[in-house]
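Q: Have a look at this one.
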Amino acid sequence: MCPLPLAAAAVAAPRALLRLLNRGLAAAMSTAGPLKSVDYEVFGKVQGVCFRMYTEDEARKIGVVGWVKNTSKGTVTGQVQGPEDKVNSMKSWLSKIGSPSSRIDRTNFSNEKTISKLEYSNFSIRY
């Protein structure tokens, strides 16, 4: 059996690492030029095809923060924030690529603006 302090350390270590990574991501973004925020809605076959999961994964790979969720009208909506070049990369992915089984008919972007700081610490799926 694992001694209690060692077990507690094993549980705390991944959380501490995650906190450091999130701080590092926020710090890197705050020094990478102007920050942008944009809302989006994706139309087509985007529900039941793991679109949200792939969106979360791609956002984390690119290095942007925000959220994604399904809507009651069959679309996927959300918000992306980060350095302008990374937000533009995510916009391109949301418009042209998506999940392997999805079919993107169109993507609407709105409320695009420059922000002084990030409003989120990561990218998440909302329900």
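The values are calculated or read from the model by the stated rules, or taken from the named source; none is laboratory data. Since the structure is predicted, the reported quantities are computational estimates derived from the model, not experimental observations. Using ideal geometry, Cβ is built from the backbone for each residue, glycine included, and neighbour counts are taken over all protein chains shown. When the accessible area is computed, the model is the full protein with side chains, heavy atoms only, and any ligands, DNA or RNA have been set aside. Shrake-Rupley method; radii C 1.70, N 1.55, O 1.52, S 1.80 Å.
Q: Go through the range 38-53 and give me each residue that's part of a helix (DSSP H, G or I) and under 23 Å from Asn111 (Cβ atoms). Quick ask: steps written out before the conclusion?
A: In the first step, residues of the range 38-53 are kept if they are part of a helix (DSSP H, G or I); the result is 51-53.
Answer for the range 38-53, where residues must be part of a helix (DSSP H, G or I) and under 23 Å from Asn111 (Cβ atoms): Phe51, Arg52.
Q: A further question follows. Does Ser92 satisfy the condition of being in a helix (DSSP H, G or I) and free of Cβ contacts under 8 Å to residues at least 12 places away in the same chain? Working first, answer last.
A: On the way: in a helix (DSSP H, G or I): yes; free of Cβ contacts under 8 Å to residues at least 12 places away in the same chain: yes.
Considered against the rule, which asks whether it is in a helix (DSSP H, G or I) and free of Cβ contacts under 8 Å to residues at least 12 places away in the same chain, Ser92 comes out as yes.
Q: Something else now. Condition test on Trp93, is it aromatic (Phe, Trp, Tyr), touching a Lys or Arg at 6+ places or on another chain (Cβ under 9 Å), surrounded by 15 or more Cβ atoms within 10 Å (Cβ to Cβ) and within 12 Å of Tyr40 (Cβ to Cβ)?
A: Values: aromatic (Phe, Trp, Tyr): yes; touching a Lys or Arg at 6+ places or on another chain (Cβ under 9 Å): no; surrounded by 15 or more Cβ atoms within 10 Å (Cβ to Cβ): yes; within 12 Å of Tyr40 (Cβ to Cβ): yes.
So Trp93 does not fit the description; no.
Q: Would you mind telling me which numbered condition in (1) farther than 19 Å from Ser101 by Cβ; (2) open to solvent by 40 Å² or more (accessible area, probe 1.4 Å) Asn70 fails?
A: (1)
Q: Can you spot a residue in the range 53-61 that is at negative phi, touching a Lys or Arg at 6+ places or on another chain (Cβ under 8 Å) and β-branched (Val, Ile, Thr)? Give the derivation first.
A: Our first condition is that a residue be at negative phi; within the range 53-61, this holds for 53-61.
After this cut, where a residue has to be touching a Lys or Arg at 6+ places or on another chain (Cβ under 8 Å) as well, the list is none.
Scanning the range 53-61, I find no residue that is at negative phi, touching a Lys or Arg at 6+ places or on another chain (Cβ under 8 Å) and β-branched (Val, Ile, Thr), so the answer is no.
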